[in-house]
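Working notes for the structure below.
The values are calculated or read from the model by the stated rules, or taken from the named source; none is laboratory data. Fair warning: this is a prediction, and the values are worked out from it, not measured in the lab. Here the Cβ is made from the backbone with ideal geometry for all residues, glycine too, and neighbour counts use every protein chain on show. Areas reflect the complete protein model, heavy atoms only, side chains present, ligands, DNA and RNA absent. Shrake-Rupley method; radii C 1.70, N 1.55, O 1.52, S 1.80 Å.
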Amino acid sequence: MTPVKSGGKRAEKTRETRRKIRDAARDLFVEQGYGATMLQDVANRAGVAVQTIYFTFGNKRALLKEVVDVSIAGDDEPLATMERPWFHAVLAAETAPDQLREQVKGVRALLERVAPIIEVVRAAAAADPEVEPMWADPDPRFTVQSATAKALVVKPGVRAGLTAEEAADVLYGVLSPELYLLLVRDRGWSSQRWERWVYDVLRSQLCAD
């Protein structure tokens with residue numbers, strides 16, 4: 001067996017430490033809020049020295065951004081949403097109904113990870129003006145929905161006369177984390193029920209009868 005180089009071991013240990021800090025921060029941000037969570041709290045939960053957090057992330061804002069970014073992606077690989085396999089599957093769908101089915105499935109998986117920290121980010125932005133500029137403008141979520149809308153309107157089964165602009169607006173609203181939280185968290189729907197209902201709504205609005 002070929003021995004593992006020490007550099008590889010160190011890199012893996014560094015990545016695992018980063019993951020432990022990130023997971024601890026996510027849990028604490030959701031449990032007690034961004035403002036109430038001190039980096040020492042995160043260090044205690046992660047089982048590391050607080051200096052390790054400063055060395056790894058720099059500050060709490062950067063830690064929050066990585067928590068959000070990894071929640072959106074589902075992992076820490078350097079791939080944007082529109083480079084992900086699920087997004088390629090959306091664009092590759094042959095018909096408009098098939099695209100919507102793939103899209104709702106992919107967004108459901110994303111929202112299951114992201115929705116719990118949406119309000120954390122909003123509260124953090126309200127309390128710290130340096131938090132909000134950390135995310136791109138225009139809204140990256142609308143950028144993603146605009147790309148899928150452009151693909152949708154040229155496929156068989158799309159509603160006659162539907163424009164990419166209207167489709168993007170509908171997708172942006174119906175697939176929003178706000179609506180997901182309203183139905184799943186506040187009204188007690190399962191995420192599976194949300195997926196079925198959202199697909200039915202989008203198909204009725206964006207596809208031919």
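Is the stretch 84-95 home to any residue that is in contact with a Pro (Cβ under 7 Å, 6 or more places away or on another chain) and either modelled with pLDDT of 90 or more or more than 15 Å from Glu119 (Cα to Cα) (or both)? Yes, the conditions are met somewhere in the stretch 84-95.
Residues in the stretch 12-64 that are among the aliphatic types (A, V, I, L, M) and within 23 Å of Arg185 (Cβ to Cβ) were compared, and the one that is nearest to the chain's Cα centre (by Cα) is Leu64.
Only residues that are open to solvent by 70 Å² or more (accessible area, probe 1.4 Å), not in a loop (DSSP other than H, G, I, E, B) and not aromatic (Phe, Trp, Tyr): list them for the stretch 190-209, please.
In the first step, residues of the stretch 190-209 are kept if they are open to solvent by 70 Å² or more (accessible area, probe 1.4 Å); the result is 192-193, 196-197, 200, 203-205, 209.
Remaining after also requiring not in a loop (DSSP other than H, G, I, E, B): 192-193, 196-197, 200, 203-205.
Selection gives Gln192, Arg193, Arg196, Asp200, Arg203, Ser204, Gln205.
Filtering the stretch 170-209 to residues that are aliphatic (A, V, I, L, M) and out of contact with any strand residue (DSSP E or B) (no Cβ under 9 Å at 6 or more places or on another chain) leaves Val170, Leu171, Val174, Leu175, Leu179, Leu181, Leu182, Leu183, Val184, Val198, Val201, Leu202. Residues of the stretch 125-154 that are modelled with pLDDT of 85 or more, crowded, with 17+ Cβ neighbours inside 10 Å and part of a loop (DSSP other than H, G, I, E, B): Val153 alone.
Applying a threshold of 8 Å to beta carbon distances and a minimum spacing of six or more residues, or different chains, the list of pairs starting in the stretch 99-123 at a residue that is farther than 22 Å from Phe29 by Cβ and ending at one that is at pLDDT 90 or above and among the charged types (D, E, K, R) reads Gln99/Lys155; Leu100/Arg203; Val104/Glu195; Lys105/Glu195; Arg108/Glu195.
Please determine, by comparing only the residues of the stretch 173-189 that are in contact (Cβ under 8 Å) with a residue 40 or more places away in the chain and of a type outside the set (Ser, Thr, Tyr), which one is surrounded by the most Cβ atoms within 10 Å (Cβ to Cβ). Residue satisfying both the conditions and the ranking: Leu175. On the stretch given as the stretch 29-64, residues that are under 27 Å from Leu111 (Cβ atoms), of a type in the set (A, V, I, L, M, F, W, C), open to solvent by 40 Å² or more (accessible area, probe 1.4 Å) and free of Cβ contacts under 8 Å to residues at least 60 places away in the same chain total 1. Say we look at the stretch 160-172 and pick out the residues that are part of a helix (DSSP H, G or I) and without any contact (Cβ under 8 Å) to a residue 60 or more places away in the chain; which of these is surrounded by the most Cβ atoms within 10 Å (Cβ to Cβ)? The qualifying residue surrounded by the most Cβ atoms within 10 Å (Cβ to Cβ) is Ala167. On the basis of being surrounded by 15 or more Cβ atoms within 10 Å (Cβ to Cβ) and without any contact (Cβ under 8 Å) to a residue 40 or more places away in the chain, does Ala73 make the cut? Taking the combined requirement at face value, the residue satisfies it. Right, Val67: more than 27 Å from Glu16 (Cα to Cα), touching a residue at least 24 places away in the same chain (Cβ under 8 Å), open to solvent by less than 40 Å² (accessible area, probe 1.4 Å) and not hydroxyl-bearing (Ser, Thr, Tyr) or not? For Val67, the condition - more than 27 Å from Glu16 (Cα to Cα), touching a residue at least 24 places away in the same chain (Cβ under 8 Å), open to solvent by less than 40 Å² (accessible area, probe 1.4 Å) and not hydroxyl-bearing (Ser, Thr, Tyr) - is not met.
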